[in-house]
1. If amide hydrogens are placed 1.01 Å from N in the peptide plane, which non-local residues have theirs closer than 5 Å to the one on M275?
2. At 7 Å along the Cα-to-beta-carbon direction for both E48 and E306, put a label point, then send me their distance in nm to one decimal.
3. Could you work out the per residue convex hull volume over the alpha carbons of the stretch 283-417, in cubic angstrom?
4. Under Stokes-Einstein, with the Kirkwood radius over Cα pairs standing in for Rh, what whole-number D in µm²/s applies to the stretch 259-330 at 37 °C and 0.692 mPa s?
5. State the volume of the convex hull built on the alpha-carbon positions of the stretch 346-410, expressed per residue in Å³ and rounded to an integer.
6. Say the cut-off is 23 Å between C-alpha atoms; which of K310/K445; K389/K445; K124/K206; K137/K213; K145/K214 go over it?
7. Carbon and sulfur together cover what percent of the accessible area of the stretch 64-406 at a 1.4 Å probe radius?
8. Could you sort out which of K331/K398; K129/K319; K129/K171 sit more than 29 Å apart by Cα distance in this structure?
Amino acid sequence: MKKVLCIIGLVSLVCSCSESRQVKWVSTTPDSCFVENPSIAMAEATAEVDVTILTDKPLQTVDGFGGCFNELGWTTLSALNDADRDAVIKDLFSEDGMNFTLNRMPIGANDFSRDWYSYNETDKDFDMKNFSIDNDKETLIPFIKAAQKINPDVKIWASPWCPPSWMKYNKHYACKPNPKVNDLKGSPTQDLEGTNMFVQEPEYFKAYALYFKKFIEAYKSEGINIGMIAPQNEFNSCQIFPSCTWTAAGLSTFIGDYLGPQMKEMGVDVMFGTMERGNTLLVDTIMQNKSGEYISQIGFQWAGKESIAKIHETYPDMKLMQTESECGDGKNSWDQCFYIWNLMKHYFNNGISAYMYWNISLDKDPVNNRWQWPQNSLISVDQENKTYKYNPEYYLMKQFSHFVKPGAKRLSTEGSYDNMLAFLNPDNSVVVIAANEGAANQILKIKVNDQMMTVDLKMKSINTFLIEAKK
């Protein structure tokens, strides 16, 4: 299947001069996606501008953008013919396309796996003699290797949604029953947030640290390096799918005495998270104890966005990451796309170094998953007809990831217009991403150094301006 772009003309209202900087302009609206508009020649700046990009005030460094290597992402893409699947993978991971350079994966089953599983379900196998990643050789490993063919340097971090079931007090992957499929019959239905579902005993902690080690070694033997791990996805969330609640104190013990030393020995970074609550004391419990010595990054998602500003203020030198873009309802609407735009602004304005999308690819009917939960995705696949389409959030992500390179610095801005973000790339080109969420076009005057451009932003549009390096 080929993508068709409907290109419309947009007019830039600028003056040009012989030494003006050139600007590439790409825009997305609900009617025209990732359109390359006529280039702009910047003019000498006047006193009347809406926003000034402060190139002399760089902020945090951007490590990259990416998505999650989920099992259902691979099974849906595998339904396409080879040529279409290869084209999609190339567009996702090549510098000419989405340029996803930093990506996530689960350790064992998650909510978009084919079914329940872990790498060792042999009860009390504390020595991990029966550890195996054979399941992943059917899905996650081919997915990652396909990405590596396009970008051999693609970086990966990983976290579990659930440990082996025998390491939990309830002896099940889930935390509470799913009424749709009647899992966990007779189990308590109350929310167990604030409790430790992982068995809090030294032999279990030691075995679980070994489980992480075995995972990293097994993937390395497949030619895949895991650069960073997080101890638990959403450790406060009691879910109907693979999940495991922890207290911050329990995680502090596990990280400080077992996982942290093991990962340090292996040269693998440890992220604290993923944080899906606004309670900053949870982070303090980790950072102000022995476990804090091993934390190189803190990851936030969902309600974690409510705590990131305070955490950034309290730990200004700590690297922060957005770890899972909010998933929507499976309708892949433009309203949700603009919601995610504002979410990205919030996270970048509060210091993140990377932004992770969630589902790369799902079935065209997104409720078709093990736990019957419809969610948005970058790509929707009609598995029966072997066709695919790119969804609105695909184009939103591309407006960022195609232009903002790893190593870029976020830039400060000043002025009356703040529905935007700006970055300075390693080659000294400037990236300005601006949205017009209104129902009418909007004229915007943007100043960069001693030059400016005046642009007419289409209604309901997301725009990226790539300004060449100053000569």
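1. Excluding prolines and chain starts, which carry no amide H, the hits are G299, F300, Q301.
2. 4.4
3. That works out to 154 Å³ per residue.
4. Calculated translational D: 258 µm²/s.
5. 113
6. K310/K445; K389/K445
7. 46
8. K129/K319
The values are calculated or read from the model by the stated rules, or taken from the named source; none is laboratory data. These numbers come from a predicted model, not from an experiment. Heads up, the Cβs are rebuilt from the backbone with ideal geometry, glycines too, and the neighbour counts pull from every protein chain shown. To get the accessible areas, we keep the full protein, side chains included, count just its heavy atoms, and leave off ligands, DNA and RNA. Shrake-Rupley method; radii C 1.70, N 1.55, O 1.52, S 1.80 Å.
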